[in-house]
1. State whether the stretch 329-432 is rounded, prolate or oblate according to the following rule on the C-alpha gyration tensor (a ≥ b ≥ c being the square roots of its eigenvalues): a/c under 1.5 gives rounded; otherwise a/b larger than b/c gives prolate, and the remaining case gives oblate.
2. For S449 and N644, what is the calculated FRET efficiency with R₀ set at 35 Å and r taken between the beta-carbons, to the nearest 0.05?
3. Of the cross-linked pairs K102/K571; K152/K299; K126/K299, which ones have a Cα-Cα span greater than 28 Å in the structure shown?
4. Roughly how big is the chain's charge dipole about its Cα centre, with Cβ charges of +1 (Lys, Arg) and -1 (Asp, Glu), in debye to the nearest 20?
5. Order the following by accessible area, largest value first: R715, R196. Probe radius 1.4 Å; ligands, DNA and RNA are ignored.
6. By accessible area of protein heavy atoms, probe 1.4 Å, what ranking do L332, L572 get, highest first?
7. Summing -39500 (n - 2.57) over the DSSP H runs of n ≥ 4 in the chain and dividing by its residue number, what mean residue ellipticity at 222 nm do you reach, to the nearest 500 deg cm²/dmol?
8. If N is the number of residues in the stretch 199-276, what value comes out of its Cα radius of gyration divided by 2.2 N^0.38 Å?
Amino acid sequence: MLRATVLLTLTAALLTATPALAAGPAPGGPGDKAVWTEADKDGFATSRSVASRVWLTLDDGRLTEVFYPDLGTPAVRDLQFVVSDGATFTEREQDSTRQRVKLLDPRSLSYLQVNTDRERRYRIIKAYTTDPARNTVVMRVRFESLTKQPLKLYVLYDPSLSNQGDDDSGNNSEAGLVAVDGKAASALVPNRPFARRSSGFLGTSDGWTDLRSDHTMDWDYETAANGNVVQTGLTALDGRTERDLTLALGFGADADAATVAARDSLGRGFTKLDAGFRRGWHRYLKRLRPAISAVPFFKTYFASAMVLAASEDKQNRGAVIASPSMPWAWGLLTLDDPSAAYHLVWPRDAYQVATAMIAMGDRAAANRMLDFTFRRQQQADGSFTQNTTVGGAVKWDNIQMDEVALPIVLAWQLGRFEPGLYSAHIKRAADYIATHGPFTRQERWENQSGYSPGTIAAEIAGLVCAADIARRNGDASSAAGWEALADDWQSKVEAWTATDSGPYDPKPYYLRLTKDGDPNRGTTYSIGDGGPSAMDQRAVVDPSFLELVRLGVKSPRLPVVLNTLRVVDSKLRVRTPNGRFWHRFNFDGYGEEPDGGPWDVSPPDSRQTMGRIWPIFAGERGEYQLLAARGRRERREALRGARNRLRAMARSGNSGFMMPEQVWDENPPSGQPGFKRGEGTFSATPLAWSHAQFIRLAHSIDAGRPVELPRIVARRYQGSNP
């Protein structure tokens with residue numbers, strides 16, 4: 001009896017000391033709701049080859065969104081590591097390390113992440129590449145214990161296949177960890193087998209929930225079906241005797257295809273894959289025309305060129321997205337499910353990228369972007385919708401008149417005068433402008449209708465360019481009609497948009513827009529994004545009026561232009577340690593909350609969110625300075641000023657040379673470290689428009705004039721050849 005009691009006691013003690021391993025299907029599905037990561041990416045990369053349809057992003061020391069099979073479809077939320085000593089601490093690298101990002105090669109999108117524990121117990125070094133021949137992201141990992149103690153390294157992988165992270169299924173395969181959702185699959189395969197694996201659900205049965213409870217991996221769930229799956233693998237590394245590992249994250253239409261891709265990439269080896277990856281980018285950059293003015297910022301210049309090339313989809317050639325990120329509420333999926341906005345193709349953003357491509361010598365890419373835009377001119381009336389998916393499907397169907405006009409300007413800049421393009425696309429777009437302009441349902445910033453000087457500038461330039469193309473195709477009648485209309489609008493821009501009775505001096509000055517075409521009337525409108533609900537239109541100014549100058553419609557030395565520059569500078573310009581930048585317009589609310597919290601839709605008059613300052617305006621101001629200069633002395637001053645604007649834009653980039661949509665202004669979040677004026681906010685980073693503007697300004701400085709300027713427009717309205 002006593003012996004039996006002792007045995008029972010010992011058995012109970014053993015069971016208490018060694019928890020039973022949990023296997024079989026994971027409980028707790030579907031798990032917590034999937035959301036995307038922050039938008040301020042430190043790196044963005046893909047192979048130059050079109051055979052590899054994966055793109056990776058980096059942020060906060062980890063791999064964040066990976067896109068597959070196109071740039072509109074994020075397939076991964078993140079992949080990071082967890083470190084534990086098995087007894088006293090367990091840490092995710094995003095939470096507990098000092099993180100450093102390095103571009104290993106200025107002529108390749110080859111990135112290194114170095115994450116060092118704040119207590120200096122370990123270091124994780126990760127290099128990334130994508131297989132030029134396969135749909136695989138490959139990571140070379142070095143794990144170092146900075147003490148004499150061996151540690152455990154776990155990989156924590158959160159798939160979000162097919163642009164939706166709440167319907168994945170995961171299982172532990174012979175090769176590694178596999179996830180599927182019926183449309184696509186991923187396979188995470190190490191070159192040295194995982195010691196243990198588990199597939200669970202976020203927040204209930206995932207590896208992080210398991211490890212942080214007692215510093216050990218107790219769960220070995222074999223499957224997790226139809227939910228927000230998170231997969232965990234215990235690697236063979238201890239940071240002392242075992243330090244090196246290669247991981248391949250393969251993608252395919254099904255589990256077998258994804259696994260084959262990952263295994264084949266591992267078979268090639270990281271070194272060979274990375275060499276091929278770099279060769280592809282070296283060859284691309286070698287074909288481009290360098291900008292001499294960008295020599296002091298050559299890393300930013302090359303990174304910008306590569307970001308623009310990488311932003312073009314490989315399955316739908318010519319489709320260029322705004323950014324491989326989802327800032328604020330877009331990332332939280334509160335506005336659009338599963339993602340939208342920055343993963344879409346906008347005719348305006350495509351124009352910005354295409355003109356930069358022309359400047360640096362990649363006319364083939366610019367032509368692909370023009371062709372994609374015109375192929376998506378699906379409206380029977382000749383207009384273009386606000387945006388489309390990379391596959392060309394209409395997403396948001398509002399009409400913005402500058403997006404109807406700018407493709408015409410781009411066609412003229414590319415010399416695309418062929419009869420088929422004219423009759424099928426250019427003529428239809430110009431007729432739409434003539435019929436529906438100059439009023440626009442949405443102006444450049446997409447949340448107001450009215451008479452916008454920036455939009456009207458694009459419309460006038462579009463009509464003049466269309467007229468030239470029409471004459472080249474024997475259509476003199478259309479050409480004469482469009483030119484007459486353009487001349488009429490050019491003469492009336494001030495009457496529609498420049499006020500003599502507004503609250504600022506000097507007068508007259510251009511407004512952001514007028515609702516009624518009467519700039520001297522105190523018509524009010526709601527700014528949007530939590531701004532004033534009844535703002536006098538005469539009190540709202542915007543740097544976008546410079547489109548009138550940059551597109552050749554108005555002289556840069558016109559008194560109303562000079563007046564507006566002074567007003568805009570007094571109301572919107574901010575000096576930062578990195579240079580001067582500008583707000584979009586008064587009371588802009590498209591940005592973070594005062595404490596740095598994410599933007600979201602907010603009620604009028606709440607001032608819940610605050611728009612910050614934009615690097616693109618530094619570039620546009622630099623282009624203006626080049627246009628406005630007369631005489632040798634003024635030109636020297638203009639070149640100096642434009643170079644300062646170029647420097648400011650370069651300094652706005654982060655350590656991975658990714659340029660943001662916005663930078664912190666005169667009111668960065670207070671009471672928290674790390675929010676420095678002139679450095680990137682949590683806005684879309686990299687923003688293709690920012691990189692395009694940087695490249696275009698660099699080439700404009702070399703040329704001594706804005707390279708984007710359609711000379712036929714400037715000759716018509718200024719009687720010269722700027």
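The values are calculated or read from the model by the stated rules, or taken from the named source; none is laboratory data. Source: prediction; values computed, not measured. Here Cβ is always computed from backbone atoms with ideal geometry, including for glycine, and neighbour counts include all displayed protein chains. In case anyone asks, the SASA skips ligands and DNA or RNA and just uses the protein heavy atoms, side chains included. Shrake-Rupley method; radii C 1.70, N 1.55, O 1.52, S 1.80 Å.
1. Note, shape of the stretch 329-432 comes out oblate.
2. That gives a FRET efficiency of 0.45.
3. Over 28 Å apart, Cα to Cα: K102/K571; K152/K299.
4. 3620
5. R715, R196
6. L332, L572
7. Result for the chain, helices only: -11000 deg cm²/dmol.
8. For the stretch 199-276, the normalised Cα radius of gyration comes out at 1.35.
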